[in-house]
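Engineer: Encoded as structure tokens, here's the structure I'll be asking about.
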Amino acid sequence: MNDEDAVMRVEGLTAGYGGPPIIEGVSIKAFRGAITAIVGPNGAGKSTLLKTVAGLIRPSAGKIFVQDKEITGLPAEALVRRGIAYVPQVENVFPDLTIRENLDMGGYVRKSGIRERIDQLFELFPDLKASSQRRASTLSGGQRTMLALARGLMVDPAVLILDEPSVGLSPRFQALIWERIEQIRATNVSIIIVEQNTRETLRHAQRAYVLVLGKNRLEGTGRELLEDPEVVQLYVGRLS
Ligand SMILES: Nc1ncnc2c1ncn2[C@@H]1O[C@H](COP(=O)(O)OP(=O)(O)OP(=O)(O)O)[C@@H](O)[C@H]1O
Ligand SMILES: [Mg+2]
């Protein structure tokens, strides 16, 4: 994975909510067809990093590049048009709309091909197809997460940003979500993901970053970090 091949490059990003910075000087890279994991303790600034990269928070320093074009400071909607899809930790679907309506809305920046794209996504998410006229509010947590993923994919993103997609779900659904994420990765999308289950996340990650107190702490392949003594001690537990 050469630097030139990075779909997204984040350099020295500093951002917060008006008070002292929550993330400071953070740098990450994400590659096509690869999963990039951001792990670290609660409150480390993982969600803040994702929100900044997705254009919801304006950084006070640092740069973000997508395919070598600088996008720093552009609002979220402009980033969607440049192929950045962000699925937040909460409130990631419209509860009063049906599955199909949610997908229609997700495709709002497409000029054409909304129906075709929905059909493609229904192949990847057959359960959504079966209940396409159901309101999102009536779905189980797992189904809702699937809908949120599908909604993010409506724009054919180059980079899909996922904040804890499997939070609160049963192990069965967590496994299913990883299966879908791997299928999405296989279509050459670059995935940047934050997840609670550090061991499982690192197993899937071609590249991973440990964030502590808003700063880069460690980086490597998922496998390398799984064997890093600090990571094992703090986040993974004994690998017996
Ligand atoms: N909207 C906000 N306004 C002010 N401070 C915030 C806001 N959101 C988060 N913070 C603060 O920023 C810090 C980092 O939060 P963030 O949500 O980025 O961490 P995280 O690594 O995603 O944590 P978790 O693992 O719990 O999801 C925390 O101290 C939090 O209180
Ligand atoms: Mg978070």
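Engineer: From Cα pairs below 8 angstrom and at least 6 apart in sequence, can you work out the relative contact order of segment 55-201, rounded to a whole percent?
Structural biologist: 26 percent
Engineer: Quick check on segment 16-57: take the gyration tensor over C-alpha atoms, sort the square-rooted eigenvalues as a ≥ b ≥ c, and tell me if it's rounded (a/c under 1.5), prolate or oblate.
Structural biologist: Prolate shape, in that a/c is at least 1.5 and a/b is the bigger ratio.
Engineer: Sticking with this structure for a sec: Taking DSSP loops as anything outside H, G, I, E and B, show the longest stretch in the chain free of chymotrypsin sites (Phe, Trp or Tyr not before Pro) there with at most 16 other beta carbons within 10 Å.
Structural biologist: The reported range is 109-240.
Engineer: Quick check: from the Cα gyration tensor, does segment 1-97 come out rounded (a/c under 1.5), prolate or oblate?
Structural biologist: Rounded shape, in that the Cα axes give a/c under 1.5.
Engineer: For the cross-link pairs Lys63/Lys111; Lys51/Lys111; Lys46/Lys69; Lys46/Lys111, which exceed 31 Å when the distance is taken from alpha carbon to alpha carbon?
Structural biologist: Lys46/Lys111, as the Cα separations exceed 31 Å there.
Engineer: Long-range amide H contacts for Val7: which residues qualify at under 5 Å (H placed 1.01 Å from N, peptide plane, sequence gap of 5 or more or a different chain)?
Structural biologist: HN-HN under 5 Å from Val7: Ala30, Phe31, Arg32.
Engineer: For n ≥ 4 DSSP H runs only, could you compute -39500 (n - 2.57) per run for the chain, divide by its residues and tell me the 222 nm figure to the nearest 500?
Structural biologist: Estimated from H runs of four or more residues: -9000 deg cm²/dmol.
Engineer: Tell me, what ³J(HN,Hα) does each residue in segment 214-225 have, in order and in whole Hz, if you take phi through Karplus 6.51 cos²θ - 1.76 cosθ + 1.60 with θ = phi - 60° and put x for Gly and Pro?
Structural biologist: x, 10, 4, 10, 9, 8, x, 6, x, 4, 4, 5
Engineer: What's the carbon and sulfur percent of segment 1-76's accessible surface, probe 1.4 angstrom, rounded to a whole number?
Structural biologist: 47 percent
Engineer: Further question on the same structure: Which longest uninterrupted range of the chain lacks any trypsin sites (Lys or Arg not before Pro) assigned by DSSP to a loop state (not H, G, I, E or B) and surrounded by at most 12 other Cβ atoms within 10 Å?
Structural biologist: 112-237
Engineer: Tell me the per residue accessible area of the chain using a 1.4 Å probe; a whole number in Å² is fine.
Structural biologist: Counting only protein heavy atoms, the per-residue value for the chain is 49 Å².
Engineer: Once amide H atoms are placed 1.01 Å from N in the peptide plane, what residues at a sequence separation of 5 or more from Thr98, or on another chain, have their amide H within under 5 Å of its amide H?
Structural biologist: Ala136
The values are calculated or read from the model by the stated rules, or taken from the named source; none is laboratory data. Just so it is clear, the model here is predicted, and its values are computed rather than measured. Every residue, glycine as well, gets a Cβ built from its backbone with ideal geometry; the counts of neighbours run over all protein chains shown. Ligands, DNA and RNA are excluded from the accessible area calculation, which covers all protein heavy atoms including side chains. Shrake-Rupley method; radii C 1.70, N 1.55, O 1.52, S 1.80 Å.
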